[in-house]
1. Which shape class, rounded, prolate or oblate, goes with the stretch 70-111 when its Cα gyration tensor gives a ≥ b ≥ c as root eigenvalues, a/c under 1.5 marks rounded, and past that a/b bigger than b/c marks prolate?
2. Sticking with the crude label model, points 7 Å out along Cα→Cβ, report the distance from I297 to N420 in nm, one decimal please.
3. Once label points are set 7 Å from the Cα along Cα→Cβ at both K443 and V492, what is their separation, rounded to one decimal in nm?
4. Once the piece of chain linking E208 and E268 is laid out straight, how much longer is it, given 0.36 nm per residue of separation minus the C-alpha distance between them?
5. With every protein chain present, what is the per residue accessible area of the chain (1.4 Å probe, Å²)?
6. Out of [x] 73, 60, 50; [y] 123, 44, 35; [z] 72, 64, 45, which label holds the value of Cα extents along the principal axes in Å that was computed here?
7. How far is helix 175-188 tilted off the main Cα axis of the chain, in degrees rounded to 10, range 0 to 90?
8. So which of K235/K315; K179/K398; K255/K370 end up more than 25 Å apart by C-alpha?
Amino acid sequence: MANNNTKYFVINPNYTMYNDENKVVLTSNNIRSLDNDFVAEFISFFPSEVAMVLSFFTGKDTYQQSIEKIAYFLDSTIAEVVDFIDKYICNPESFTTSSGNYNLFIPKNLIIECTDDSLIRNFTIEEFVLNSSNFKSQPRLNKPLGTTFVISNKCVTDCEYCYADRKTKYTPLTTNRIKELIHQAAELGIRDFDLSGGEFFLHPDWDEILETLIYNGYYPYISTKKPINEKDVNKLKSLGVKRIQYSLDSVNIQKLMDTLKVGENYLEAISNSIRLLENADIKVRINGILSNKTAEISDIEDLIIFLQDFSNIEKITLTPAGRSLYKEGYSYSINKKQVQDIDAFLKEKNKDLNRVNIDFGSFVLEDHYKLEDKSGLFNNRATCSGNFSHFIILPDGKVTICEELYWNENFIIGDLATQNIMDVWQSDKAKNLYYKSQESIQKGSNCARCDDFSKCRVPSGVCWRNIINAYGDDKYDYPDPRCPIAPEFENVFYIQ
């Protein structure tokens, strides 16, 4: 890269790199604050030495100066350093490589040209000296990367597929305590503080909570089914909110009344809300959940026509309803034929849509669980972030590891009504759940007898929600349904 010798390079500000005691973590930055949707979520572990080398690219030195400093630091030749480092500079695609015991995921454009002083970063070699290097046996992050606060379990609808535990009674956290936790997360350097529900706009102090989040550098993803008024929209605008999500499954009012238990004026009120947001230049993303009552092609086409009347709709996502842990049965599920028909229809429809495409996905077909050999799929599953890098704060301050598990006692790892964040994250209960011993597994579970138990559970984890969906609460430590040794399911939770 001789022609780059006089250029300045810096680690891409879309990424952050930090010392997590026994490993260096490279991950995407606070994506929504940068307003860059192309940066995908990822976590990669780096050895100390590689992180130290990368830390020379701060934007303060030219490429040539950086290479010379690295060569001196490593006691290597210029040619050796160039051969090592050039694959990380302006790399057009992500790739995987290895270094010692590490398999490194390298995101695209890891190191970019520094064209503005605002991109300069202040890394030092010393900050990447590790206390230990036992990351293989202890991969769980020592400090969480993100959290989601479930603001309440109240809602303006009663969806037939509702995924929330709306029956549990609780004493909510005070607004002051919520604000304290936001400040605490910011002081700890926790990257994300998101919001979920229940209904965000039903909290009496939603604007105060949102203002505190934004003040601390958090830009939560607001999702709602509640009609809002001009005062609400003006408040969102004044706080700098750029987009929100509306959940809208259909524009057939009778079907909405049937599946969501809303009134006959609901669709008109939602339409007025989207128009107010349009007038305020606030983008709207639509998320529709399709049950067997709203999944007809004609219904979907009517929904698309309705949404095309608004200039601020930037994304539409349609998802088949999954089985809820808090509703009886799965009678509202669509079937495999409907999935295929919708998929084919949307692929053709997207060819005609200029401004916004429609995504269709996030569903699991029966075929997924009925493979003759599930080992390949299971062994290459994505790592679950629950209790690995993220945690969930329930409305009363109880902390769980998955949004859909709510107050299930098997997964409560602390209580932020009385504890601080790091006390919960570093608690024995949290660690013992993540590094669950085989001896603690009930004898009826195949996991209690599996020779691959340890390497299966760490670091990829299992989907506790799907286990409970398949076998019930009392068998929460049974195998993940994707596992080759999973027994026959007791419940249908997939699309047939």
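The values are calculated or read from the model by the stated rules, or taken from the named source; none is laboratory data. Just so you know, these numbers come straight off a predicted model, no measurement behind them. Don't worry about glycine lacking a Cβ; one is built from the backbone with ideal geometry, like all the others, and counts go over all protein chains shown. Ligands, DNA and RNA are excluded from the accessible area calculation, which covers all protein heavy atoms including side chains. Shrake-Rupley method; radii C 1.70, N 1.55, O 1.52, S 1.80 Å.
1. Judged from the Cα gyration tensor, the stretch 70-111 comes out oblate (a/c at least 1.5, b/c at or above a/b).
2. With each label point 7 Å from Cα toward Cβ, the separation is 6.0 nm.
3. Placing both labels 7 Å along Cα→Cβ, they lie 3.5 nm apart.
4. So the extension gain works out to 18.8 nm.
5. 46
6. This structure yields the entry labelled [x].
7. In the chain, helix 175-188 runs at an angle near 30 degrees to the longest axis.
8. Checking Cα-Cα distances, K255/K370 exceed 25 Å.
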